[in-house]
Amino acid sequence: MSQHQHSHIASEPSHQPPAQGKWIAKFFGHMHNTEVWASHLPRIPGYISALAIVGVILVIASFTGPWAGSSPFKFISLLVGFLLALPALVMGGFALRKWKYAQQLRKEILDSIQWRGDENVLDIGCGSGLLLNGAAMRLTNGKATGIDIWADHSGGGNFALLMKNAQAEGVADKIHFKEADARKMPFEDSSFDIVVSSGALHHITRSLEDHDKLTREIARVLKPGGQIAMWDISHMVEATSLKLKSFGVKTEVKRTPSYLGFDMSMLTGRKTGKA
Ligand SMILES: C[S@@+](CC[C@H](N)C(=O)[O-])C[C@H]1O[C@@H](n2cnc3c(N)ncnc32)[C@H](O)[C@@H]1O
């Protein structure tokens, strides 16, 4: 039987670039709809890379090709080549920056946990698998499960991308996935030794009621003595920390470097009681 339990592969996110927006809004809308935005591994669409290759060839040809001596042709070839390569440069630059940030963040979040290797780990809103894959790498005979609902406007992830990244990071046969809402998790009480999450709290919590449901669920599925590490926008993390305390999870919050202009924080903690 497949290790990856998912009730069905989610349909493609339905968000579209703005119909009459400025070209820059359309470009960033496009980035959001591709793996550039959604993936923690650096990825750019194949056709953008192909255009960039043609662009580089044109730039080289403007100096060495038969039209190198003719200034109008040289200029046109240089300009067209540069314009063809530009989307790959912008997307590639963004993807590499995000990858570098994500690597450091994953290390910081997972290093905050005391690992044995045999834990049952849950990643809430696992997206493209940043923490899920990282947790799987730290386990020997434990189990790493990710849940997600592939919400629209929530990062653009999907099951295929999750598995592609798991393959690329060598953990495809170690991770488990369940399509499930974090506000009502399909797990028994005290199921997990470790609960982690990155960037998902503010997507899951659209109201105070959502926040209450989410934090109750986290406290419920965590075993007594179980550990927690979550990263998100600072005010969200502060609010989650307070709520979790009221449900018997001792928490601490610390600031992390800002991301895309937002103040970010990490919450760590342990549920009271003996493991
Ligand atoms: C910004 S992404 C973060 C993905 C990943 N953790 C990362 O750090 O790259 C937020 C994720 O939360 C998921 N999400 C939103 N609402 C959810 C809910 N109610 N239950 C489970 N996942 C949810 C979204 O589908 C999305 O994949």
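None of L83, L110, L41 is open to solvent by 50 Å² or more (accessible area, probe 1.4 Å) and closer than 30 Å to G261 by Cβ except L83.
Considered as a group, the residues in segment 33-52 that are out of contact with any Leu (no Cβ under 9 Å at 6 or more places or on another chain) and away from the ligand (no atom under 16 Å from the Cβ) include one that is farthest from G156 (Cα to Cα), and that residue is A50. Taking segment 135-159 as the range and being within 11 Å of the ligand (Cβ to nearest atom), hydrophobic (A, V, I, L, M, F, W, C) and either assigned to a loop (DSSP other than H, G, I, E, B) or open to solvent by 10 Å² or more (accessible area, probe 1.4 Å) (or both) as the test, the residues that pass are I149, W150, A151, F159. Of all residue pairs spaced 6 or more apart or on separate chains, those with beta-carbon atoms under 6 Å, a first member in segment 181-210 that is closer than 15 Å to I228 by Cβ and a second member that is assigned to a loop (DSSP other than H, G, I, E, B) and more than 15 Å from the ligand (Cβ to nearest atom) are D193/E119; I194/I113; I194/E119.
One residue stands out in segment 113-134 among those that are away from the ligand (no atom under 16 Å from the Cβ) and within 25 Å of P257 (Cβ to Cβ): the one that is least open to solvent (accessible area, probe 1.4 Å), namely W115. Among the criteria (1) among the aliphatic types (A, V, I, L, M); (2) away from the ligand (no atom under 16 Å from the Cβ); (3) under 23 Å from D152 (Cβ atoms); (4) not in a helix (DSSP H, G or I), the one A68 does not fulfil is (3). Screening Y101 with (1) open to solvent by 40 Å² or more (accessible area, probe 1.4 Å); (2) within 12 Å of the ligand (Cβ to nearest atom); (3) more than 16 Å from the chain's Cα centre (by Cα) gives one miss only, at (3). Filtered by the rule that a residue be closer than 23 Å to L130 by Cα, away from the ligand (no atom under 13 Å from the Cβ) and open to solvent by 40 Å² or more (accessible area, probe 1.4 Å), segment 188-222 gives no residues.
May I ask you to verify whether V171 is in a strand (DSSP E or B) and either more than 15 Å from the chain's Cα centre (by Cα) or within 13 Å of the ligand (Cβ to nearest atom) (or both)? So V171 fails the test.
The values are calculated or read from the model by the stated rules, or taken from the named source; none is laboratory data. Everything quoted here is computed from the prediction, not taken from an experiment. All Cβ positions, even for glycine, are placed from backbone atoms using ideal geometry, and neighbour counts span all protein chains on display. We work out accessible area using only protein heavy atoms, side chains counted, and drop any ligands, DNA or RNA first. Shrake-Rupley method; radii C 1.70, N 1.55, O 1.52, S 1.80 Å.
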